[in-house]
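As structure tokens, the structure follows; a few thoughts come after it.
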Amino acid sequence: MAILQILEFPDQRLRQVASPVTSFDEALEVLINNMLETMYEANGIGLAATQVNVHQRLLVVDVSEEKESPQVFVNPKFEVIEDELSEYDEGCLSVPGFYETVSRPKGIRVFAQDKQGNSFELEVEGILSTCIQHEIDHLDGKLFVDYLSPLKRSRIRSKLEKEQKASK
């Protein structure tokens, strides 16, 4: 397995809309394992393929305390089943060091495929619901900073650009 490079905002590759996964093969299995290892190494709870510069509709999550319950969602989409909004201080591996409150629907029904291509659906709420919505946003070229005011987004962009220049 390998640790993959995580793209950081404002990298424009994060804005690319991911294409559906069509091959459920060994390469997909390797990508999933590498994404899980990368997510755990970065102390994240979710990672979309777009964040590692693979523009396929794939995400991994693990919201368990002990990090022993990885979940894989291939070609995920969702529908809102509970209109009430939940607010969470969201962070993002592609926006390191920043946490901002974002409101999202509390409960969703997720439709996806597993790594073998088998379809499944799942009703989720709480942090898992928020995490899946956040990661699906990545697959659609959207970041959690897009939910913030233009001023906050601009400040975050400036700070990250300075940090990225300083680390080169």
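The values are calculated or read from the model by the stated rules, or taken from the named source; none is laboratory data. Please read these numbers as outputs of a predicted model, since none were measured by experiment. Neighbour counts run over all protein chains shown; Cβ positions are idealised from the backbone, glycine included. Side chains included, ligands, DNA and RNA excluded: accessible areas come from the protein's heavy atoms. Shrake-Rupley method; radii C 1.70, N 1.55, O 1.52, S 1.80 Å.
Computed quantities for the displayed model
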quantity	calculated
Filtered residue count, region 9-27, keeping only those that are more than 15 Å from Leu139 (Cβ to Cβ), under 18 Å from the mean Cα position of the chain (by Cα) and open to solvent by less than 70 Å² (accessible area, probe 1.4 Å)	3
Candidate set: region 79-120, residues that are open to solvent by 30 Å² or more (accessible area, probe 1.4 Å), part of a strand (DSSP E or B) and acidic (Asp, Glu); chosen: the one nearest to Lys162 (Cα to Cα)	Glu100
Considering residues of region 44-65 that are of a type outside the set (A, V, I, L, M) and under 15 Å from Ile127 (Cβ atoms) only, the residue modelled with the lowest pLDDT	Glu65
Asp89 free of Cβ contacts under 8 Å to residues at least 24 places away in the same chain and within 17 Å of Phe144 (Cβ to Cβ)	yes
Near pairs, Cβ below 6 angstrom, 6+ apart or cross-chain, from region 130-143 (closer than 12 Å to Gln16 by Cα) to any residue that is of a type in the set (Lys, Arg) and outside any helix (DSSP H, G or I)	Leu139/Arg57
Among the candidates Leu160, Leu128, Leu151, residue that is under 17 Å from the mean Cα position of the chain (by Cα) and either of a type in the set (A, V, I, L, M) or assigned to a strand (DSSP E or B) (or both)	Leu128
Residue check for Leu143: of a type outside the set (Val, Ile, Thr), open to solvent by less than 10 Å² (accessible area, probe 1.4 Å) and more than 21 Å from Asp89 (Cβ to Cβ)	no
Residues of region 28-45 that turn out to be open to solvent by 50 Å² or more (accessible area, probe 1.4 Å), on the phi < 0 side of the Ramachandran plot and assigned to a loop (DSSP other than H, G, I, E, B), as a count	1
